[in-house]
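Please read the structure below before turning to the comments.
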Amino acid sequence: RVIDGVPLFWEDHLDRLDGSARAVFGVAPDRDRLRREFRDLVRGLSLGSGNVRIVTDGRRLLLHANRHFYPPEDFYVRGVPVGLLDWERPDPQVKAVRADYRAAVARKLAETGPHGPYFETLLRAGDGCLAEGSRTSAFFLPAGAEGTDAAAGRQDGRPVVLTAPLSRVLAGVTRRHVLRAVALTGGVVLEAPTTDRDLAQGRIRGVFLTGTSIGTLPVSAVEAMPFPTAADPFFQAIRRAYQRLVDDMIRNTREDFE
């Protein structure tokens, strides 16, 4: 994502690109060349705000302005409905383009659920684990009264956020900084599977998604199950903390791309 001509979390995105390219092709793109071509593209298009996509097949590089959707503020006030898709990626650590995966996601997102058209779909593994979204990372707020354990929503007096173990998800760039935001609020992140059964049996009080274009976005419903995430004070605190990190990053790296 480009904000005021500055790419958000540039080095983090290149680290992930390196990892995927080395895993698939055995070689990573040249970072100096990427930086030069990125600046040329942004200047040539006068792109103050938007998304830039980088694609490689191991030999060639393609950088282009990508279609994007930035949710309106109303989505953050009310939350968005999401569906469930039975899919488990064979190698979650590699961000690769797959036609069958994109087609399955498109079919699900074309559906309208009990609470309206799906904004996103959570991927459901064979064991019921809801590891991540089709293009987002997923976080869960455990339900319960005040207490001292994760099942009650707190650990050692600190509010808890659950997310799938890193071995089961793509290490999203925004995800990494949301972890920092949770720490800034005084909360704690536990890497533990959350299943569809946890949602159905009331063990989760809130769900939110994270990603480059959406930041931190509350979920209002998963299929037919409603979640008042947007009104949750802990989620609101996380969203504010993440926005401060974004503002600091843009301010501190602006001159690198001028």
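One residue stands out in segment 59-69 among those that are surrounded by 11 or more Cβ atoms within 10 Å (Cβ to Cβ) and at pLDDT 90 or above: the one that is nearest to G19 (Cα to Cα), namely L61.
Determine whether T194 is among the hydroxyl-bearing types (S, T, Y) and at pLDDT 95 or above. Reasoning before the result, please.
Details: among the hydroxyl-bearing types (S, T, Y): yes; at pLDDT 95 or above: yes.
For T194, the condition - among the hydroxyl-bearing types (S, T, Y) and at pLDDT 95 or above - is met.
Every condition in (1) open to solvent by less than 60 Å² (accessible area, probe 1.4 Å); (2) farther than 25 Å from E132 by Cβ is met by R43 except one, and the failing one is (1). Between R53, R35, the distinction of being at pLDDT below 95 and not in a strand (DSSP E or B) belongs to R35 only.
Each row is one residue, and each column tells you yes or no for (1) modelled with pLDDT under 95; (2) crowded, with 22+ Cβ neighbours inside 10 Å; (3) of a type in the set (A, V, I, L, M).
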position: T210; (1), (2), (3): no, yes, no
position: S213; (1), (2), (3): yes, no, no
position: M225; (1), (2), (3): no, no, yes
position: A230; (1), (2), (3): no, no, yes
position: P233; (1), (2), (3): no, no, no
position: A237; (1), (2), (3): no, no, yes
position: R244; (1), (2), (3): no, no, no
position: E258; (1), (2), (3): yes, no, no
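Residue-level check: of (1) under 27 Å from D247 (Cβ atoms); (2) free of Cβ contacts under 8 Å to residues at least 60 places away in the same chain; (3) open to solvent by less than 30 Å² (accessible area, probe 1.4 Å); (4) not acidic (D, E), R53 misses just (3).
Evaluation of G133 against the conditions (1) over 13 Å from R168 (Cα atoms); (2) buried (at least 22 other Cβ atoms within 10 Å of the Cβ); (3) not basic (K, R) shows that the sole unmet condition is (1).
Could you check how many residues of segment 105-126 are under 19 Å from the mean Cα position of the chain (by Cα), of a type in the set (A, V, I, L, M, F, W, C) and not in a strand (DSSP E or B)? Show your work before the answer.
In the first step, residues of segment 105-126 are kept if they are under 19 Å from the mean Cα position of the chain (by Cα); the result is 105-106, 108-109, 118-125.
Then keep just the ones that are of a type in the set (A, V, I, L, M, F, W, C); that gives 105-106, 109, 119, 122-123, 125.
Filter once more, keeping what is not in a strand (DSSP E or B): 105-106, 109, 119, 125.
Matching residues across segment 105-126 total 5.
The values are calculated or read from the model by the stated rules, or taken from the named source; none is laboratory data. Keep in mind that this is a model prediction, so the values were computed, not measured. Note that we place each Cβ from the backbone using ideal geometry, even for glycine, and neighbour counts take in every protein chain shown. When the accessible area is computed, the model is the full protein with side chains, heavy atoms only, and any ligands, DNA or RNA have been set aside. Shrake-Rupley method; radii C 1.70, N 1.55, O 1.52, S 1.80 Å.
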